[in-house]
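Below is one structure, written out as structure tokens, with a few remarks after it.
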Amino acid sequence: MEKYFNHYSYSDVTPYELIKQRTEKMAVIRAMKCTLLETPSHKSGGFLAHFENDEQKWKIEPDTSRKPITVRLHKDGKWYSGSMKFRNELEPIKFYDYNF
């Protein structure tokens, strides 16, 4: 099992860290603190602007103030906590789609 879980919600991605592996199919994870280091560039258009999201830079660090949650591995090979889908990955990923 890798050290990080990333929650994919449409085009946004939020990183979580592994706190404890209970079994092969169950783990306890906690959301990580993400601080935007550079404001993405944008062009006029849309409702306010079109952001060029490819250049997002985030500082991602543990956040012990967040409440841990339990994720379970389902038969489809994906990790879930309720209806939230996660991927178990090598690196934490943060992506915010400013165009929505």
task: Just name the residue that is nearest to Tyr96 (Cα to Cα) out of those in segment 42-60 that are modelled with pLDDT under 70 and part of a loop (DSSP other than H, G, I, E, B).
output: Glu52
- line: Contact list, first residue from segment 6-34 and surrounded by 19 or more Cβ atoms within 10 Å (Cβ to Cβ), second anywhere and among the small types (Gly, Ala, Ser) and not in a loop (DSSP other than H, G, I, E, B), beta-carbon distance below 6 Å, six or more apart or interchain, is Tyr16/Ala31
task: Filter segment 61-85 for residues that are hydroxyl-bearing (Ser, Thr, Tyr) and either farther than 17 Å from Ser9 by Cα or assigned to a loop (DSSP other than H, G, I, E, B) (or both) and give the result.
output: Thr64, Ser65, Thr70, Ser83
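The values are calculated or read from the model by the stated rules, or taken from the named source; none is laboratory data. Here the structure is a predicted model, which means the values were calculated and not measured. Every residue, glycine as well, gets a Cβ built from its backbone with ideal geometry; the counts of neighbours run over all protein chains shown.
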